[in-house]
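All remarks here apply to the structure that follows.
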Amino acid sequence: MFRAAGPGDLEAILGLYRQLHPSDPPPTDAAGTFERILDSPGLHLFVLDRDGAVVATTYLNVIPNLTRTGAPYAVIENVVVDQSHRGTGLGREIMAATLQAAWDAGCYKAMLQTGSRTPATHAFYRACGFSPDAKQAYLARPPAVTNP
């Protein structure tokens, strides 16, 4: 079942994030940050639940906009399917539902970035409807932050 994350999903989501970025240290205030995300309009943390277990997650950010007739746009982050469920179609399922949530919110586009160089990851995003040729992404980080 695709659904919005709730207060009881924090540990499962953090477990998925550890699969995404295994070398990241734990968040300093995970519970507080999670609560702020859940309470913030326009921020949507989704999960895919199979028999009571969270097996995938996405994070949809709907951003208000003053161009494009005022239509918001979406940024999708932290797309993770549990390692033991990859290749089973759950990634496409959660991405389709996440994109539908963006369209339902009136977004005129949805964007995501990936740091992966794995061809299968790029093929997955193309299969979900994303084009790598539409825009060029640039990334800046504060000087004191190193890229893991």
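List of remarks:
- Single unsatisfied condition, LEU90 versus (1) open to solvent by 30 Å² or more (accessible area, probe 1.4 Å); (2) modelled with pLDDT of 95 or more; (3) in contact with a Leu (Cβ under 8 Å, 6 or more places away or on another chain); (4) not small (Gly, Ala, Ser): (1)
- Single residue of VAL55, VAL75, VAL47 found to be closer than 24 Å to ALA137 by Cβ and modelled with pLDDT of 95 or more: VAL75
- For the range 94-105, the candidate set comprises residues that are closer than 27 Å to GLU35 by Cβ and within 14 Å of the chain's Cα centre (by Cα); within that set, the residue that is most open to solvent (accessible area, probe 1.4 Å) is GLN100.
- Sub-7 Å Cβ pairs linking a first residue in the range 13-30 that is touching a residue at least 12 places away in the same chain (Cβ under 8 Å) to a second residue that is assigned to a helix (DSSP H, G or I) and open to solvent by 70 Å² or more (accessible area, probe 1.4 Å), at least 6 apart or interchain, are GLN19/GLN83, ordered by first then second residue.
- Among the candidates ASP24, ASP51, ASP82, ASP29, residue that is open to solvent by 90 Å² or more (accessible area, probe 1.4 Å) and of a type outside the set (Gly, Ala, Ser): ASP51
The values are calculated or read from the model by the stated rules, or taken from the named source; none is laboratory data. All values derive from a computational prediction rather than experimental measurement. In this analysis, Cβ positions are derived from the backbone assuming ideal geometry, glycine residues included, and neighbour counts consider all displayed protein chains. When the accessible area is computed, the model is the full protein with side chains, heavy atoms only, and any ligands, DNA or RNA have been set aside. Shrake-Rupley method; radii C 1.70, N 1.55, O 1.52, S 1.80 Å.
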